[in-house]
1. Return the unpartnered cysteines for the chain, using a Cβ-Cβ cut-off of under 4.7 Å.
2. In whole angstrom, how far apart do the alpha carbon centroids of the range 491-543 and the range 256-315 sit?
3. Sorted from largest to smallest, which semi-axis lengths in Å does the alpha carbon gyration tensor of the chain give for its equivalent ellipsoid, taking the root of 5 times each eigenvalue?
4. Given axes a ≥ b ≥ c from the Cα gyration tensor, I'd like to know whether the range 1-105 is rounded (a/c under 1.5), prolate (a/b larger than b/c) or oblate.
5. I'd like the FRET efficiency for Leu565 and His24, computed as 1/(1 + (r/R0)^6) with the beta carbon distance as r and R0 of 45 Å, rounded to 0.05.
6. Count the lysine pairs in the chain whose Cα atoms sit under 21 Å apart, keeping only pairs 8 or more residues apart in sequence or on different chains.
7. What is the local net charge at Arg141, summed over the other residues whose Cβ is closer than 10 Å to its Cβ (Lys, Arg +1; Asp, Glu -1)?
8. Tell me what the chain gives for mean residue ellipticity at 222 nm when only DSSP H runs of n ≥ 4 count, each as -39,500 (n - 2.57), the sum divided by the residue total, rounded to 500 deg cm²/dmol.
Amino acid sequence: MASNRVRVIVLHPALGPLDYRVPHGMTVEPGSVVVVPIGPRQYAGVVWEEDRLPCETVGDNRLRNLVSVADAPPIPAPVRRLIEWTANYYLAPLSSVLAMSLRTSAAFEAAPTIVEYRATGLVPDRLTPQRAQALERIADRQGLVRELATIADVTEAVIRGLVKAGAIESVTVNTDTPYPLPDPRHAPPDLSDQQAAAASILRQAIGAHAFQPFLLDGVTGSGKTEVYFEAIAAAIAAGRQSLVLLPEIALTEPFLTRFARRFGCDPVAWHSDLRQSQRRRAWRAITRGEAMVTVGARSALFLPYPNLGLIVVDEAHETSFKQEDGVHYHARDVAVMRGKFEDCPVVLATATPAIETRHQVELGRYEELKLPGRYGAAELPQIEAIDLIQEPPERGRWLSPRLVTAIDACLERGEQALLFLNRRGYAPLTLCRACGHRFQCPNCTAWMVEHRLIRRLACHHCGHTNPVPEACPECGAEDALVACGPGVERIADEAAALWPDARAAVVTSDTIWSPVKAAEFVHRMEHGEIDIVIGTQLVTKGYHFPNLTLVGVVDADLGLAGGDLRASERTFQQIMQVAGRAGRGEKPGTVYIQTHSPDAPVMQALVNGDAEGFYAAETEARRDAGAPPFGRFAAIVVSSEDRQAAEETARLIGRSAPKPDGMHVFGPAPAPLAMLRGRHRFRLLVHARRAFDVQDVIREWLGALSWPQKVRVTVDVDPYSF
Ligand code: ADP
Ligand code: ZN
């Protein structure tokens, strides 16, 4: 019989789909999570549509039985399509994408409910006195087997016997405290005209139940959040779930506060910082369609919402949406695909859209909603460049006199200042004055960064740390270590020396590592308990502090170094975002950007407020170079602890490269991080025309080769780090 045979994706990256027999009494359907035998071992897997997964089959007589099926709802069809698309597009094994999806969905950790028992009213054929006593005493009670046995004063075996005989049945009980329902009419805002226009288009899209991506392109402080809140309100009113993706876990707390103000309660949060019990409760509420609004990190994309009506990607330009290990995917793009499979609108909200996203608007695929001005009386801040060659800081200092004077005045007025430097720790490089020894990570091609707050040297790539040594390990000189260059901790030292009475806070992932810490920071800022913030990119986004009127960008050139094709774009976005923290209330803001190249196009665009000019020039440069969005890249990274093995495999891959029209392969060459976590890395870069199916070519190319087990080959489609 063909119907009791199913195809299963097994959670093992080296195994393709396999067929199994469904044993008598078990029911499964596509999406069911099951346990299967492989040799003497057992693996988890998911039942899939047979016709979507061609594979070699075995005869019925050689089929093995499924071991069990999980007591959880099957993975819904749109999620199965999303998993297939992700595996296909990002050239990852289906089982890896599936594993990622299941890890986030907690299907294995959670029985969604508990099972209780109650009498059915049926009298069993064999009615012993004990059975009669049990049925009489249980009557209309309900509980666990153990509880019923106690109530009836019989053994548990008697109760189980009655279950077998059909006189007692099992019922699943939802044990979770329900989440409160967000109320779309709790505190609706008075929208500005431009907000109202955008909100009305989104409301219509929710009503249309159809796939439509939007770019909600509004300057910082224009009130994008209030606009997509209206879309969420419409989805709630229509009984459909919403998902809001945020780039940074630290951002969730301020978001929750605003959400609660608008809807009267918190949304369901989904991120890696949840306790196990919270995670399970959230997962169950989401899966049952009870969680109306979920806010989460990129992993929330693969959750099984049964009834999704809206996806919002806030700060959609953020590069942290690009996952850089495991399955290399871009959550912004996967979000759009999820919307496609769910037939629902997707809103990408940002003040500084990626060039790729703007291009989709130009092609007519995404609809643009513009909010050109700040909400209320707030004006966009004025941006001034400080030429570090003309106006250098004092020796051993990093803040130029003009910036120092401006901060003096800001503090004098009782307002808050923000110094931005995208570098954690005290100094990016430590060396020995006596012999020139530099501290390098033993596992990576990277310098160890001094962190004075914890008195350690740390590698920002693998997390390796050492105590700061007393003497140079190379020459033994004491007190000879010099810190080179500034990190935020060093700027904090300088601020403490310049403004000893000011209260300063360092905001980096070292100090703000949980939503609770973020909430504390927000509270202290809002209550005027902080005068100067010194922070990394963590402070560039999302926050709204009306009394913050001055922003100083300590080193605007930092992101421009290196050959990254997105360096200018990223610098522009980052500085626009951090500038966007200034003057969001009634008081106007000023931004100072310290640079060695004030004439660089990106600095000029920032100072002149010429976003359009910047984007136009940058887009043309991309077009000329055939870079995204006009061409495509894929990086093939070959790594191994054995350098020679990695290099040989990389060469082999290079030699076997196909040479179709429209595609070109560069390398292999040592990867930008030639060693990472103890693995030597070589890279080939595939460049192709936009319409070219690189995935197909790479799949065939690599599929025909083999390499030693100690070598790992990963493909990064649309790579972000160059
Ligand atoms: P963006 O996300 O575009 O930078 P926000 O959504 O953070 O902007 O809005 C900036 C500030 O303006 C916030 O304090 C927000 O509460 C306020 N705001 C925006 N729109 C409205 C509105 N319609 N009514 C009242 N306050 C608003
Ligand atoms: Zn390292």
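Every read-out reported here was derived from the displayed coordinates using simple, explicitly stated rules and does not represent laboratory data. All figures in this text were calculated on a predicted structure; none of them were measured in a lab. Cβ placement follows ideal geometry from the backbone for every residue including glycine, while neighbour counts extend to all protein chains displayed.
1. Cys with no partner Cβ under 4.7 Å: Cys55, Cys265, Cys344, Cys410, Cys462, Cys484.
2. 28 Å
3. Semi-axes, largest first: 49, 34, 28 Å.
4. Prolate is the answer for the range 1-105, as a/c is 1.5 or above and a/b outweighs b/c.
5. Efficiency, from the Cβ-Cβ distance: 0.15.
6. Qualifying lysine pairs in the chain: 8.
7. Computed value for this residue: -1.
8. Helices in the chain give a 222 nm mean residue ellipticity of -9500 deg cm²/dmol.
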